[in-house]
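To start, the structure under review is shown below, and the notes come after it.
The values are calculated or read from the model by the stated rules, or taken from the named source; none is laboratory data. Small disclaimer: the values here were computed from a predicted structure and weren't measured. Cβ coordinates were reconstructed from backbone atoms using ideal geometry, including for glycine residues, and neighbour counts include every protein chain displayed.
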Amino acid sequence: MKRGCGLLFLIFLAVTGWGAVMFLRVPAQAEQAFGTPDPALGFSARWRLAHTLTTNEDWLTTPLPTTAGLTFTVTPGETAAAVAKGLQEAGVIPDADVFLAYLRYKGWDTDIQAGTYRFQDGLTPLALAEQLRHRPATDAVLVVLPGWRREEIAQAVPSSGLAFTPEAFLQATASAEGYALPFAVPSGVTLEGFLAPGRYTLPRTADPATVAAQMVARAHGLLSDTWQQQVAARGVTPYQGLILASIVQRETRHSEEMPLIAAVYLHRLALQMPLEADPTVQYALGRSGAWWPSPLSRQDLQVASPYNTYRHPGLPPAPIANPGEAALQAVATAPQTRFLFFRAACDGSGYHVFAETFEEHVGNACP
């Protein structure tokens, strides 16, 4: 090999070797400065995020001048990218992309908790990111499950951290009057049916009317104009559709059979047959400690109540629970059916078997 070529080759080796060393140093530098990365990251993603962090280490580790007394709200379901953008728009951090890179590097981009944060003075962006992973102590979380009645929601209030009593919630929801509902309702009804299920992150000092209003506001999204048009095409008013959805919600825990159950009830309504829906009787009989008594006896089916659809034709006068999206959509998309009966399957699965005639229905009884 000629001397010139050999020298160039040595220079090439030195340059490429130095470059490889520097390339591999980036993740090590990031780990030293920012801690262990998310183990789920591939090498390429880890290197890219590490490079972003190491080139912005100064401001990531410097206390922010704008956090003293700052209040910042993260709404339920808000993404880490949206939170980072909101912090930048609020003037808290200078670069949303770098802040988001840190969250992703640590694997915290899915850990951010909804709530209203009140930041202390002198937080670094790293400390700020850590704080966003823990629900503010000043917040309460109320979880409402699909199919709960008002009383069950009230019972969940004490464990949520909200300051008011279950009785105060029941009083605030005892009348629909004064709330902005998505459609007209009969006079004298409660908010039963409009208290949308879901997770609510709220200030502990929130009053019961404000909490109820938030639930009603969420219900607007479920009871949209499109949904109202769809249920109208099935021959019921929006409020009747809500009542039917509340029954469907209580009939099954399997969302995939909800449309067919709704179809059976719509078929019976069209033929002016009694619905004979057990959940309506359970609602009438429900008491604290046993809001949905089961099984029902023959005597139970004779209870004198306008909610007893064994004794009274048509729908009950109001919803019996607060249905979720699946049950509401089941009414809106219920297919045409010849079925008029259904009963629980005998395999303990929670599913139902359907029948067109009463004879078939009797034949489907468990041995």
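Among the conditions (1) under 29 Å from Val144 (Cα atoms); (2) over 35 Å from the mean Cα position of the chain (by Cα); (3) free of Cβ contacts under 8 Å to residues at least 12 places away in the same chain, Gly348 misses just one, which is (2).
Just one of the listed residues (Ala334, Ala318, Ala304, Ala327) is among the hydrophobic types (A, V, I, L, M, F, W, C) and in a helix (DSSP H, G or I), and it is Ala327.
So which residues in region 280-301 are out of contact with any Gly (no Cβ under 9 Å at 6 or more places or on another chain), outside any helix (DSSP H, G or I) and within 20 Å of Pro146 (Cβ to Cβ), if there are any at all? So that I can check it myself, show each step before the final result.
Start the filter on region 280-301 by keeping residues that are out of contact with any Gly (no Cβ under 9 Å at 6 or more places or on another chain), which leaves 280-291, 294-301.
From what is left, the residues that are outside any helix (DSSP H, G or I) are 286-291, 294-299.
Answer for region 280-301, where residues must be out of contact with any Gly (no Cβ under 9 Å at 6 or more places or on another chain), outside any helix (DSSP H, G or I) and within 20 Å of Pro146 (Cβ to Cβ): Gly286, Ala290, Trp291, Ser294.
Would you call Arg250 assigned to a helix (DSSP H, G or I), among the basic types (Lys, Arg), closer than 28 Å to Thr165 by Cα and in the same structural domain as Ser349 (by TED's automatic domain parsing)? Yes; evaluated as a whole, the condition is true for this residue.
Take Gly69 and decide whether it is under 33 Å from the mean Cα position of the chain (by Cα), closer than 30 Å to Tyr200 by Cβ and not in a helix (DSSP H, G or I). Yes, satisfied. Tallying residues that are among the hydrophobic types (A, V, I, L, M, F, W, C) and out of contact with any Lys or Arg (no Cβ under 9 Å at 6 or more places or on another chain) within region 28-46 yields 4.
State whether one or more residues within region 184-206 are within 20 Å of Pro317 (Cβ to Cβ), among the aromatic types (Phe, Trp, Tyr) and surrounded by fewer than 19 Cβ atoms within 10 Å (Cβ to Cβ). Checking region 184-206: not a single residue is within 20 Å of Pro317 (Cβ to Cβ), among the aromatic types (Phe, Trp, Tyr) and surrounded by fewer than 19 Cβ atoms within 10 Å (Cβ to Cβ). Within region 160-174, if we keep just the residues that are among the small types (Gly, Ala, Ser) and at pLDDT 95 or above, the residue that is nearest to Ala212 (Cα to Cα) turns out to be Ala172. So is Thr226 touching a helix residue (DSSP H, G or I) at 6+ places or on another chain (Cβ under 7 Å) and at pLDDT 95 or above or not? It is false that Thr226 is touching a helix residue (DSSP H, G or I) at 6+ places or on another chain (Cβ under 7 Å) and at pLDDT 95 or above.
For region 95-119, the set of residues classified as within 14 Å of Thr52 (Cα to Cα) and without any contact (Cβ under 8 Å) to a residue 40 or more places away in the chain consists of Asp95, Ala96, Phe99, Leu100, Leu103, listed by residue number. If the condition is being crowded, with 16+ Cβ neighbours inside 10 Å, touching a helix residue (DSSP H, G or I) at 6+ places or on another chain (Cβ under 9 Å), touching a residue at least 60 places away in the same chain (Cβ under 8 Å) and not hydrophobic (A, V, I, L, M, F, W, C), then region 258-306 contributes Pro259, Tyr283, Gly286. Of all residues in region 144-166, those being within 17 Å of Gly286 (Cβ to Cβ) and of a type outside the set (A, V, I, L, M, F, W, C) number 8. Considering (1) outside any helix (DSSP H, G or I); (2) closer than 25 Å to Phe354 by Cβ, the lone condition that His267 does not fulfil carries the number (1).
Please find, among Ala114, Ala129, Ala82, the residue that is farther than 15 Å from Thr201 by Cβ, of a type outside the set (D, E, K, R) and touching a Lys or Arg at 6+ places or on another chain (Cβ under 9 Å). Spell out how you get there, then give the answer.
Values: Ala114 fails: farther than 15 Å from Thr201 by Cβ; Ala82 fails: touching a Lys or Arg at 6+ places or on another chain (Cβ under 9 Å).
Going through Ala114, Ala129, Ala82 in turn, the sole match is Ala129.
Report whether or not Glu276 is assigned to a loop (DSSP other than H, G, I, E, B), within 21 Å of Arg343 (Cα to Cα), assigned by TED's automatic domain parsing to the domain that holds Tyr351 and of a type in the set (D, E, K, R).
Taking the combined requirement at face value, the residue satisfies it.
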